[in-house]
Amino acid sequence: MSGTKAYPVSGAERLDPDAARGEPLYLSPVTAGFPSPAEDYVDRRLDLHEYLVKNPAATFFLWASGDSMIGADIRDGDLLVVDRSVEPAHGSVVIAAVEGELTVKYLARKDGRILLVPANEEYPELDITEQEDAVVWGVVLYAIHKVTPGALGAR
Amino acid sequence: MRSTKSPPALWALVDCNNFYASCERLFRPDLIGRPVVVLSNNDGCIVARSNEAKALGINMGEPEFKVRDLLKQHNVAVFSSNYALYGDISNRVMLTVESLVPVVEQYSIDEAFVPLDAALAANADEIARATRERVRRWTGIVVSIGVGTTRTLAKLASEIAKKGDGLCRLDAGSPETEDVLARTPAGDIWGIGRKSALKLRMAGIYTARDVRDCDNLKIRALLNVNGLNTAFELRGVHSIEMADAPISRRTIISSRSFGARATEKEALEEALAMHATLAGERLRREKLRASGLAVHIRTSRHGNGPFYEQRANVSLRLPTADTRELVRAARQGLEAVFQRGYSYAKAGIMLYDLAPAEGGQTNLLELIAPPARLHEKELMAALDAVNRRFGRGTLRFAAEGKADAAWRMQHSRRSPRWTTVWDELPKV
């Protein structure tokens, strides 16, 4: 069983979290030819915003409230990074506007129905197939929370 | 400044529908379908209405107290202006449009001109459709897009688009354009105000088509060179540059891409001071004063460096048209947004919350204003006269110190600053 490892962010990958997935690098390492104008700025302090926000025009921050998504690791008080430009799919965590409120739920497509599904059995699913005013507002990409020190007990 | 290169084949005007009211609804789906109005901060006049509010017969500029009963009776949602929100959403709309076309000239807080060269013009309808869809999707704001041979025709097309399905195209000389010009009153043309429309009527010129077909000398005699330019634009000849464009009564924008990238704060400071000065001139020419100033800086979207873009709103202590105060506010805004290490491509300012300089309600604070303000009008008039005579920038301001804490506007019914203040982000 492999444990959870931590490794330092380094090189060009730090500028693009997608780099590891083989997507194009934001900055390419310069080896020859004319220096890239960007080269001057490679040593800039890391900017978390750059990491979290891929599309500034379409990205909004919202606070999570309540425990209906606890099973999706979204806790009360989390900061949600929501991108409206991302296409919602079956299984996406979405912000939906339902009955005049914004809510965070899983989006599910089942037997031709569109459902909003909580990640907590104490809450009901919501079938929005016929609800004309229900819309998917955006797709949640990150939930940020403070790590709480645990009770170690007798260990 | 007339550029020597050939004008764009087509223009598009992207115009946000009921912009302030739409911003108020973005995080409040419960307001969809309910009438919404937005009040100006200083005098409580209605400055924006949703379609439902328009249908109730609530007029633009009307003081809130005059329609208070009506507002209550119809459960109208009433908001103080929330420029932090409107400015942020406006920025997002502009960025979104820029993701589809190479050049965007912001014209007001909720409008932008897009020049389309021959290659883009060939796909103008498709670009317009895609822009409309993407802006709605990314920002939640619905826009109307007018496409035309000139800015004036594009602007007219956008007005028609707003009343219809959101898209309209007016090519000079097309049968549809002919029809539209024949039924558009001259006073509805971009840049022709009430006074000009009256002059035209007296001379037997009633419609946009009459203006277009009017003799050059005659229109020039009636409305000077601006009227002549408008006639040319209606004929399909590009004649109005951004710097000479009639101002929108809502916001004044001065903004420009740099010739070369700027990395130092001083360079941005100079650019912003210049924009504040230009905007101040326009403000005074239109006999308006501003209560707020927004600073906007950004890197290039198409460069290979990291992207950074930020804006700041500065509330002015009192409504002002004083270049010194505008420059000071611009510096203050820059302090808030500048980050070292980026290669900036563009800087600009926007003046908002505009009100007539004369005849408006007097703010109590003006009575206790420092004596320097008393000379503001004379000083600015002298400044403008010198600069008119000897050229822009002959007389300008040396850098000034920091302003005092900004006077807070009254905004008792302002919605949360949903996108710019941590404590006010929406909860879900």
statement: Treating every alpha carbon of the range B:87-140 as one equal point scatterer without solvent, the Debye formula yields log10 I(q)/I(0) values at q = 0.15, 0.28 Å⁻¹ of -0.39, -1.20
Nonlocal amide H pairs with B:GLU62, under 5 Å, H built at 1.01 Å: B:ILE46
field: B:GLN332 paired with B:ALA382, simple spin-label distance in nm, labels 7 Å along Cα-to-beta-carbon
entry: 2.5 nm
- line: Rg/Rh over Cα atoms for the range B:1-95, Kirkwood Rh, comes to 1.13
- line: Of the residues A:THR59, A:ALA96, A:VAL135, the Cα lying farthest along the dipole of the range A:59-144 towards its positive end, which is defined by charges on the beta carbon of Lys, Arg, Asp and Glu, belongs to A:THR59
- prompt: Given a Förster distance of 51 angstrom, what is the FRET efficiency for B:ALA130 paired with A:GLU125, based on the Cβ-Cβ distance and rounded to 0.05?
  reply: 0.90
Three-way shape call for the range B:224-318 based on the alpha-carbon gyration tensor, with the a/c threshold at 1.5: oblate
task: Could you list which residues have their amide H under 5 Å from that of B:ASN41, counting only those 5 or more apart in sequence or on another chain, with H placed in the peptide plane?
output: B:SER81
- request: Output the pairs from B:LYS72/B:LYS287; B:LYS155/B:LYS199; B:LYS162/B:LYS346; B:LYS218/B:LYS377 with a Cα-Cα distance over 24 Å in this structure; if there are none, say none.
  value: B:LYS72/B:LYS287; B:LYS162/B:LYS346; B:LYS218/B:LYS377
- prompt: What length, rounded to one decimal in nm, is gained on full extension from B:ASP244 through to B:ALA260, with 0.36 nm per residue of separation minus their alpha-carbon distance?
  reply: 3.3 nm
field: Backbone HN-Hα couplings from phi across the range A:89-94 [Karplus 6.51/-1.76/1.60, Hz, Gly and Pro as x]
entry: 10, 4, x, 5, 8, 10
message: Please rank B:ARG194, B:ARG235, B:ARG317, fewest neighbouring Cβ atoms within 10 Å first, as an exposure proxy.
response: B:ARG194, B:ARG235, B:ARG317
- prompt: So how far apart, in nm, are the two label points at A:ARG109 and B:LYS195 if each is 7 Å from Cα heading toward Cβ?
  reply: 6.0 nm
task: Please order B:LYS427, B:LYS346 by the number of other Cβ within 10 Å, starting at the fewest.
output: B:LYS427, B:LYS346
task: Taking the convex hull of the Cα atoms, report for the range B:172-245 its projected area averaged over all directions, in nm².
output: 4.5 nm²
- prompt: Can you list the aspartates and glutamates whose alpha carbon sits under 14 Å from that of B:LYS66, skipping same-chain ones fewer than 8 residues off?
  reply: B:ASP43
statement: From fewest to most C-beta neighbours within 10 Å, the residues A:HIS49, B:HIS74 line up as A:HIS49, B:HIS74
- prompt: Which values of log₁₀ I(q)/I(0), to two decimal places, follow from the Debye formula for the range B:92-245 at q = 0.09, 0.15, 0.18 Å⁻¹ with a uniform point scatterer at every Cα?
  reply: -0.29, -0.78, -1.05
Table column - 3J(HN,Hα) (Hz), the range B:81-94, Karplus curve with 6.51, -1.76, 1.60, x for Gly and Pro: 4, 10, 5, 4, 5, 4, x, 5, 5, 4, 4, 5, 4, 4
message: If you consider only alpha-carbon coordinates, what radius of gyration and Dmax does chain B have, in Å?
response: 21.6, 63
- prompt: Under 5 Å between amide H atoms, partner at least 5 residues away or on a different chain: which partners does B:VAL314 have, H built in plane at 1.01 Å?
  reply: B:LEU293, B:ALA294, B:VAL295
- request: Please report the relative contact order for the range B:172-245, taking Cα pairs under 8 Å with a sequence separation of at least 6, and give it as a percent rounded to a whole number.
  value: 29 percent
- prompt: So what J values fall out for the range B:170-179 if you push phi through Karplus, 6.51 cos²θ - 1.76 cosθ + 1.60 with θ = phi - 60°, rounded to Hz, Gly and Pro as x?
  reply: 10, 8, 4, x, 6, x, 5, 4, 3, 5
task: In Å³ and rounded to a whole number, note down the convex hull volume per residue for the Cα atoms of the range A:59-144.
output: 89 Å³
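Each value in this text was obtained by applying a stated rule to the coordinates, not by laboratory testing. Model, not experiment: these values are computed from the prediction. Note: ideal-geometry Cβ built from the backbone for every residue, glycine included; neighbour counts use all protein chains shown.
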